[in-house]
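Contents: one structure, followed by commentary.
Bear in mind that the values in this text are calculations on the coordinates, not laboratory data. Keep in mind that what you see is a predicted model, and the values were worked out from it rather than measured. Every residue, glycine among them, receives a Cβ derived from its backbone with ideal geometry; neighbour counts consider all protein chains shown.
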Amino acid sequence: MARVSPQIEIARRAARSLGVLDWIRIGVLALGLVFVATGALPADTARSSVGRIAPLLLFLFAIIVLAELTKEAGVFDAIAQRVARAGRGRYAALFLLCVAFASVNTIFLNLDTTAVLLTPVMLALAARARIAALPLAMTTVWLANTASLLLPVSNLTNLLAADRVALETPEFAVRMWLPQTAVLAVTMVLLWVFYWRRSMRGEDAYDPPEPVPVRDRVLFSTTGIACLLFIGAILAGVHTGIQLGIATTVAAAVAVAAFAVRDRSALRPALIPWQLMVFVTGLFLVVPTLERYGLDDAMRALVGTDDGASGAFRAAFSGAGLSNVLNNLPAYVAGESAVPAANKDQLLSLLAGTNVGPVITPWGSLATLLWFEWCRRWDVRVPMRKFVLTGAALAVLGCAAAVGALLLTR
C-alpha cells in the first residue's frame, strides 16, 4: 500500500475540519475568482472592488486578534461575572440586562462593535454562570442588527442614508426613535418566546458565579486598555474604513506586544480569521458581477417609485430580502440607487429593511458574520434550521413594525 505524504495527510485533516459554513465561504471566493478568470468581471473592476475592501479586511483581521487576546487575558470573563451577579440568579433580570447592554452598545458604538466585543462577553457569561449559551448568543446577534436604527453612527448604512436625506444626528434620531422602539419591542418578545422562556433555557434560576482571580494583571490591564482605545476611536468619530482599520490595528498591536512579552503561546495561527477574510473578498467579487448583469434593474423593479405606504413596505422587504441573499451593505447601495431622490420615507424604509432584515442567513450582515466567527471559536452550536426560521419571523415582524412606525412620524 502506497504511503501517503505528510502534506497530503495535513490537507485531508484540514478539509475534514471544515464545516458547512466554511465550505460556503470558500465557494463564494471560488465563484468570484471564476467570474474574474472568465471575464464576467473585468480585472480592473475586480482590483477596484478588492481595493475598496482592503481597509475592511484590515479591520476584520485586527479586531478578531484584539478580541481573541482580550478573551485570553480574562477581561470578558470579568465583565461576564459582574453581569451575572447583577442578575442575582433571576433569568428575567438577566434577560433585561443583556438586552439593555446589547442595545446601548449597538446604538452608540455600532453593530459590528457589539458583534466583536459583546459576543465573547455573552458567551463567557454563559460559561461562568453555567447556563445555556444560545439564548445569550442570539440576544447579541439579533440586537446587533435590530438596535442599529437610531443614530447615524449605529450602522454604516445609516451614515449613507443620513447623507442622502440631509439629516444631522438629532433630526435623524427624531425620525427613527419610534421605528427603533417598535423594533426593539418585537425583538424582545421574539427573543423571550423562541430562546429565553423556561422550556427553552431549561432552568428556573441560575447560580451567580463566584469571583475568579485574574491570571496575569499586566495582560488583563493592557488588553483592557487596548479595547478602550478601539472604543475611543469609535466615539471620536472614526468611521471611515481606512481610519477604523488603522485605529483597530494600533489597538491590536498593543495587545500582541503584551502577549509577546508575557505569554507567547497565545500568539498562534488560529488567531487569524481566514474564514471571514475569504468570504468578504469573495463577496466583493460576486456582487459587482451581479450588478453588471441586472441587479440594479431588478432592484428598481422591486422597489418601485411610490413614496407612500405601498412603496415604503416594498422598499423595506426588498432590502431585507436582498440583504439575506447577498449582504446588507451592497443591498442598501443597490436599493438606494433605485429609490427616487425625493422619496425620503421610501429610502428610510429601505434602510430599516437592510438593518433589521439581515437576521436570516449567516452572511446577511458583517455583524452576523463576526458573530458566527465567535460562536465557532467558542464551540457554540447554532442550529441552522431554528436560526433561519426564527430569523425570518423577526425579519418580517421587525420590518413591518419599523415601517409602520416610520409612516406614523411622516
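Within a 10 angstrom radius of the beta carbon, how do 48, 318 rank from fewest other beta carbons to most?
Fewest to most other Cβ atoms nearby, the residues stand as 48, 318.
Going by how many other beta carbons lie within 10 Å of each one, how would you line up 306, 345, 112, 379, fewest first?
Ascending number of Cβ neighbours within 10 Å: 379, 306, 345, 112.
Segment 40-408: Rg/Rh from Cα coordinates, Kirkwood Rh?
Computed over Cα atoms, the ratio is 0.97.
List the residues of segment 346-389 whose backbone N lies under 17 Å from a point placed 7 Å from the Cα of residue 23 along the Cα-to-Cβ direction.
362, 384-385
Would you calculate a helix-derived [θ] at 222 nm for the chain, using -39,500 (n - 2.57) for each DSSP H run of n ≥ 4 and dividing by the full residue count, to the nearest 500?
-24000 deg cm²/dmol
Taking each pair of different alpha-carbon atoms in segment 10-165 once, compute 1/r for the pair, average those values, and report the inverse of that mean as the Kirkwood hydrodynamic radius in Å to one decimal.
18.3
Do you know the relative contact order of the chain, to the nearest whole percent, from alpha carbon pairs under 8 angstrom that are 6+ apart?
24
Could you tell me which residue out of 285, 121, 55 lies farthest along the dipole of the chain toward its positive end? Charges go on the beta carbon: Lys and Arg +1, Asp and Glu -1, centred on the Cα centre.
121
Of all GluC sites (Glu not before Pro) in segment 127-229, which ones are in loop regions per DSSP and have a Cβ with at most 13 other Cβ atoms within 10 Å?
Values: sites: 168, 171, 203; in loops: 168, 203.
Answer by residue number: 168, 203.
So which residue, out of 246, 360, 64, gets the largest mean-square fluctuation from a GNM of the chain using Cα contacts under 10 Å as springs?
Taking springs between Cα atoms under 10 Å, the residue moving most is 246.
For the chain, modelled as a GNM with alpha-carbon contacts under 10 angstrom, which of 228, 117, 94 fluctuates the most?
228
Just want the ordering: 310, 49, 265, from fewest to most Cβ atoms lying within 10 Å of their own Cβ. Intermediate results must be reported in sequence, preceding the final value.
Working: 310 11, 49 20, 265 7.
The most exposed by this proxy come first: 265, 310, 49.
About its Cα centre, what dipole magnitude does the chain give when the only charges are +1 on Lys and Arg Cβ and -1 on Asp and Glu Cβ, stated in debye to the nearest 20?
In total the dipole reaches around 1180 debye.
Based on Cβ point charges of +1 for Lys and Arg and -1 for Asp and Glu, what charge dipole magnitude is obtained for segment 20-128 about its Cα centre, in debye rounded to the nearest 20? If you can, show how the numbers build up before the last one.
Values: 9 positive and 6 negative charges, 93 e Å.
My answer is approximately 440 debye.
For the pair residue 199/residue 409, report the inter-label distance in nm, with labels modelled 7 Å from Cα in the Cβ direction.
About 3.6 nm separates the two model spin labels.
So what's the net charge close to residue 74: Lys and Arg +1, Asp and Glu -1, counting the other residues with Cβ under 13 Å from its Cβ?
That sum, taken over residues with Cβ under 13 Å, equals +1.
What ranking, highest mean first, results for peptides 53-59, 390-396 when packing means the other Cβ atoms within 10 Å averaged over each residue?
Ranked by mean Cβ neighbours within 10 Å, highest first: 390-396, 53-59.
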